[in-house]
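A.B. asks: Supplied in structure tokens, the structure appears directly below.
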Amino acid sequence: WAVFSGVSHMGRETVAMDAVEKYLSDPLGTVISSPAYTKWDENIGFMTLKYPGIHENGGVYLHTIAWKIAADAMLGRADRVEEGIKTILPFRNPVVDGRAEPYIMCNSYFGKQTGYRYGTPGQSWRTAAGQWFEKALVNYVFGLLPEMEGLTVKPCLPPSWKTASIDKRFRGTTYHIRYENGGVKVKEIRVDGKPIKGNLLPLTGGEVDVVVVTE
């Protein structure tokens, strides 16, 4: 959240994200808090009532993975973005294989403190994790940020994605966007075959074909 808000400066945002890697990393993803609470704390409340390692109390929260994907993308850490995407997708996680539907995101996975229940999916049909992942993917990985004048393009695609595409409808304009991925810096943007200056996709009210080349 320090990265999202823009309050971190002078390299502190990188320090914060490195701390996430150091203290909150788990083979299943990113835990939401560590260490887990082991007794009730009235100053904190609800989360301290839950068993250590479950949901908000030290569980591997999929919302947290989505937030980390977005923050890593904002900092241009493409390799971390790719790692986060692979982790959050339910059909890519061998620890939870067979314990939940492979086509839906759960709220969280039980953490290591739960022993043999480690990796158990929680609340697979009652969560906003999917929406947070969509926001992270569209706004920060594909880098389509809404502005008053149109869409700003600031992508940070996984290095293994040599090409990618997305259709985005925004304020009456439908953008068919193809990425030629060579890095995290935008080299060229072509709209209907013509290069444009800057990285703002204009509002046209129709359908446009866009090619984004990065280096």
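Readers should treat all values here as calculations from the given coordinates under stated rules, not as data from a laboratory. The structure displayed is predicted, hence computed values, not measured ones. Virtual Cβ from ideal backbone geometry, glycine too; neighbours counted across all protein chains shown.
A.B. asks: Could you tell me the relative contact order of the stretch 9-150? Use alpha-carbon pairs under 8 Å, at least six residues apart, and round to a whole percent. Show your work: numbers first, answer last.
C.D. replies: Details: 215 pairs, mean separation 30.6, N = 142.
22 percent.
A.B. asks: Step through the residues of the stretch 114-125 one at a time and calculate ³J(HN,Hα) from phi using the Karplus curve (6.51 cos²θ - 1.76 cosθ + 1.60, θ = phi - 60°), rounding each to whole Hz and writing x for Gly and Pro.
C.D. replies: Residue by residue, the stretch 114-125 yields 8, x, 5, 8, 3, x, 5, x, x, 6, 6, 10 Hz.
A.B. asks: Considering only the other residues whose Cβ falls under 13 Å of the Cβ of Arg190, what net charge follows from Lys and Arg at +1 and Asp and Glu at -1? Don't skip to the answer; put the middle values down first.
C.D. replies: Numbers: positive: Arg178, Lys187, Lys194, Lys197; negative: Glu180, Glu188, Asp192, Asp209.
With Lys, Arg at +1 and Asp, Glu at -1, the neighbours total 0.
A.B. asks: Also: Using only the alpha-carbon atoms of the chain, report the extent along each of the three principal axes, biggest first, to the nearest angstrom.
C.D. replies: 61, 41, 30
A.B. asks: Can you tell me the orientation of helix 78-88 relative to the chain, as the angle in degrees between its alpha-carbon axis and the longest Cα principal axis, to the nearest 10?
C.D. replies: 50 degrees
A.B. asks: How tilted is helix 62-74 with respect to the longest principal axis of the chain? Cα atoms for both, answer in degrees (0 to 90, nearest 10).
C.D. replies: With rounding to tens, the tilt is 40 degrees.
A.B. asks: Let me ask something else about it. Report the net charge of residues surrounding Thr163, where surrounding means a beta-carbon distance below 12 angstrom and charges are Lys +1, Arg +1, Asp -1, Glu -1.
C.D. replies: Numbers: positive: Lys162, Arg178; negative: Glu180.
Computed value for this residue: +1.
A.B. asks: To the nearest 20 debye, what is the magnitude of the charge dipole of the stretch 28-124 about its Cα centre, counting +1 on the Cβ of each Lys and Arg and -1 on the Cβ of each Asp and Glu? Walk me through the numbers before you get to the answer.
C.D. replies: Numbers: 10 positive and 9 negative charges, 35 e Å.
Charge dipole, the stretch 28-124, about its Cα centre: 160 debye, nearest 20.
A.B. asks: What do you get for the angle between helix 12-23 and the principal long axis of the chain? Use alpha-carbon atoms, 0 to 90 degrees, nearest ten.
C.D. replies: 40 degrees
A.B. asks: So if I place +1 on the C-beta of Lys and Arg and -1 on the C-beta of Asp and Glu, and nothing else carries charge, what would the dipole magnitude of the chain be about its Cα centre? I want it in debye, nearest 20. Walk me through the numbers before you get to the answer.
C.D. replies: Numbers: 25 positive and 23 negative charges, 20 e Å.
Using Cβ point charges on Lys, Arg, Asp and Glu, the chain gives about 100 debye.
A.B. asks: Here's another thing I want to ask about it. Can you flag which of Lys86/Lys185; Lys50/Lys154; Lys22/Lys154; Lys68/Lys194 are past 31 Å Cα-Cα? Numbers along the way, then the final one.
C.D. replies: Working: Lys86/Lys185 23 Å; Lys50/Lys154 39 Å; Lys22/Lys154 27 Å; Lys68/Lys194 35 Å.
Among Lys86/Lys185; Lys50/Lys154; Lys22/Lys154; Lys68/Lys194, the Cα-Cα distance tops 31 Å for Lys50/Lys154; Lys68/Lys194.
A.B. asks: With the alpha-carbon atoms as the only input, what is the per residue convex hull volume for the stretch 1-117 in Å³? If you can, show how the numbers build up before the last one.
C.D. replies: Working: hull volume 13.2 nm³, N = 117.
Here the figure is 113 Å³ per residue.
A.B. asks: Could you tell me the center-to-center distance, by alpha carbons, between the stretch 74-90 and the stretch 51-72 in angstrom?
C.D. replies: Here the two parts' Cα centres lie 14 Å apart.
A.B. asks: Same structure, new question: Once the Cα atoms of the stretch 124-188 are picked out, what are the Rg and Dmax in Å?
C.D. replies: 13.1, 41
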